[in-house]
Amino acid sequence: MKYYIIAGEASGDLHGANLMRALLKSDPDAQFRFWGGDAMMQVAGTPVRHIRDLAIMGFVEVVVHLRTVLGNISFCKRDILQWKPDAVIGIDYPGFNLKIEKWAHQNGIKAIHYISPQLWAWKKGRIKGMRQYLDRLCYILPFEQDFYATNQMPQALYVGHPLLDAIENFQASSTGFDSGKPIVALLPGSRKQELKRSLPIMAQLALLHPEYQFIVAGMSLIGEELYHKLLPKNSPVSIVYDQTYALLSKSYAAVVCSGTATLETGLFHVPQVVCYRANPISIALAKAIVGSRINHIALVDLIDNSNVVTELLQQDFNIKRLEEEFRLITDEEHRSRMLEGYRRVEQKLGGTGASLRTAQAIIQTIHKQ
């Protein structure tokens, strides 16, 4: 069968690659056409569009790049019609993918969404339309089960979290990170906007703590020049590219920009401080929409519904507060409590196999008339 898969961000690229592998196990003759990154390229060759050209976040940023976004949507529709897939599969990236999936359904193509948008936080009104045009929704967070049961979406299926598969399949390297000092990983985000707001503040910690080795988990798709531009001159911070899991496997502590990386860090059992800054207008709009429904942004906190990690947001993300929280995650008693929280999160996520369950659900959905 022919699968048209769209991932617009780094996390979607990782999950897309594992999904492709799982589809090939169940459908050895599978053909792929995809939007994604380097991980998906290792499975299926050259993407239609690379994620380096797609990662736009925030209300203001989307408006600024609206012409590009609309152009990509139009191109994607033409490309799908020309290739004639059996299914269109959107991985996360809901602002783009839900539009394409609705259009695919209207054109007689199976529409499947993998990794649910955060409807429990905002834009709950989307669920009415998704009920009508999605043939299958595969969601990955355990607390979403109650949400979809309450809102009566029979095509929604809990498949488990694919990060458990990704981390289980990771093969640790024994080289590259041992300098005699404990390692502190800096994960400043997978988008240029995040990187510009987070890395300069994170890097200041290295000047205050020469007893640690600070290493940035860089992404080559962003470009090495920007990382070096954002670091202070003569900074003791080093950078490794496309080795986030290898770095986390060797780290004593971490400072992490909110997103999928907070859960990855937790599953590697690395104590962390979570940080996030965004355009103030985007944040104000988000708060107005979400209201008081959501008390956390870090995935480990959301899954456990508790303060497993500290979240430094907006103006609280400054070097004074970061230094205070960093000292806590290097304190053994505090670390022990955080690691216990991580264990609770793992228990709630369940076991591995999300990619294979999703692949089987996709194939069953295509065959269902």
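The values are calculated or read from the model by the stated rules, or taken from the named source; none is laboratory data. What you see is a predicted model; the values in this text were computed from it and never measured. Positions of Cβ are backbone-derived with ideal geometry, glycine not excepted, and every protein chain shown enters the neighbour counts. Ligands, DNA and RNA are stripped out before the accessible areas are found, and what is left, the full protein with its side chains, is counted by its heavy atoms. Shrake-Rupley method; radii C 1.70, N 1.55, O 1.52, S 1.80 Å.
Annotations for the structure displayed:
- Selected residue (criterion: nearest to Gly189 (Cα to Cα)) from residues of segment 58-79 that are open to solvent by less than 40 Å² (accessible area, probe 1.4 Å) and at pLDDT below 75: Gly58
- In segment 5-60, the qualifying residues are those that are in contact with a Cys (Cβ under 9 Å, 6 or more places away or on another chain) and of a type outside the set (Val, Ile, Thr), and the one that is nearest to Cys138 (Cα to Cα) is Trp35.
- Pick from segment 220-244, criterion in a loop (DSSP other than H, G, I, E, B) and among the hydroxyl-bearing types (Ser, Thr, Tyr), ranking: most open to solvent (accessible area, probe 1.4 Å): Ser220
- Those helices (runs of 4 or more DSSP H) lying entirely in segment 134-219 with at least 1 residues open to solvent by 60 Å² or more (accessible area, probe 1.4 Å) and in contact with a strand residue (DSSP E or B) (Cβ under 7 Å, 6 or more places away or on another chain): 144-150
- Complete set of residues in segment 254-270 that are surrounded by 23 or more Cβ atoms within 10 Å (Cβ to Cβ) and in contact with a strand residue (DSSP E or B) (Cβ under 9 Å, 6 or more places away or on another chain): Ala254, Val255, Val256, Cys257, Ser258, Ala261, Thr262, Glu264, Thr265, Gly266, Val270
- Members of segment 12-43 that are modelled with pLDDT under 95, open to solvent by 30 Å² or more (accessible area, probe 1.4 Å) and over 15 Å from Thr358 (Cα atoms): Asp38
- Leu247 being open to solvent by less than 30 Å² (accessible area, probe 1.4 Å), out of contact with any strand residue (DSSP E or B) (no Cβ under 9 Å at 6 or more places or on another chain), on the phi < 0 side of the Ramachandran plot and not in a loop (DSSP other than H, G, I, E, B): no
- Options Gln360, Gln272; residue that is touching a helix residue (DSSP H, G or I) at 6+ places or on another chain (Cβ under 9 Å), modelled with pLDDT of 95 or more, closer than 24 Å to Glu194 by Cα and not charged (D, E, K, R): Gln272
- Meets criteria (without any contact (Cβ under 8 Å) to a residue 24 or more places away in the chain, open to solvent by less than 80 Å² (accessible area, probe 1.4 Å) and in a helix (DSSP H, G or I)) for Glu346: no
- Condition broken by Ile303, with the remaining ones in (1) modelled with pLDDT of 95 or more; (2) in contact with a Pro (Cβ under 9 Å, 6 or more places away or on another chain); (3) hydrophobic (A, V, I, L, M, F, W, C) satisfied: (1)
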